[in-house]
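Below is one structure, written out as structure tokens, with a few remarks after it.
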Amino acid sequence: MKENKKITVIGEAQVGKTSLIRAFLGKPLDKDYRPTFGSEVYNTLVTDSPIKPALNLEIWDLAGQNVIKRLREVHIQGTEGVIFV
């Protein structure tokens, strides 16, 4: 049975939040900067042992613009951890 976990990545605009997430997921980094508007959600299945059940990791990438900062509280609800970049 898969366990679901939500992680939220927040920080100022243009600090590399999306690049950090893409590197963790093994996706190529985008050389052309495009800001995140609102939020993006990435899903990945993490397995570190044949004995433990798989972990479905939901990573929320929140935009760093001031307008979005007011909505952070709503997006962070239900999160297991926050990464500040």
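The values are calculated or read from the model by the stated rules, or taken from the named source; none is laboratory data. Given the structure is predicted, the values throughout are model-derived calculations rather than measurements. To get the accessible areas, we keep the full protein, side chains included, count just its heavy atoms, and leave off ligands, DNA and RNA. Shrake-Rupley method; radii C 1.70, N 1.55, O 1.52, S 1.80 Å.
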Checking Ile7, Ile21 in turn, the sole residue that is open to solvent by less than 60 Å² (accessible area, probe 1.4 Å), among the hydrophobic types (A, V, I, L, M, F, W, C) and in a helix (DSSP H, G or I) turns out to be Ile21
Anything in the stretch 24-45 that is modelled with pLDDT under 85 and open to solvent by less than 80 Å² (accessible area, probe 1.4 Å)? List them, or say none. Asp30, Pro35, Thr36, Gly38, Ser39
Within the stretch 57-85, take every residue that is assigned to a loop (DSSP other than H, G, I, E, B) and at pLDDT 85 or above and give me the one that is least open to solvent (accessible area, probe 1.4 Å). Thr79
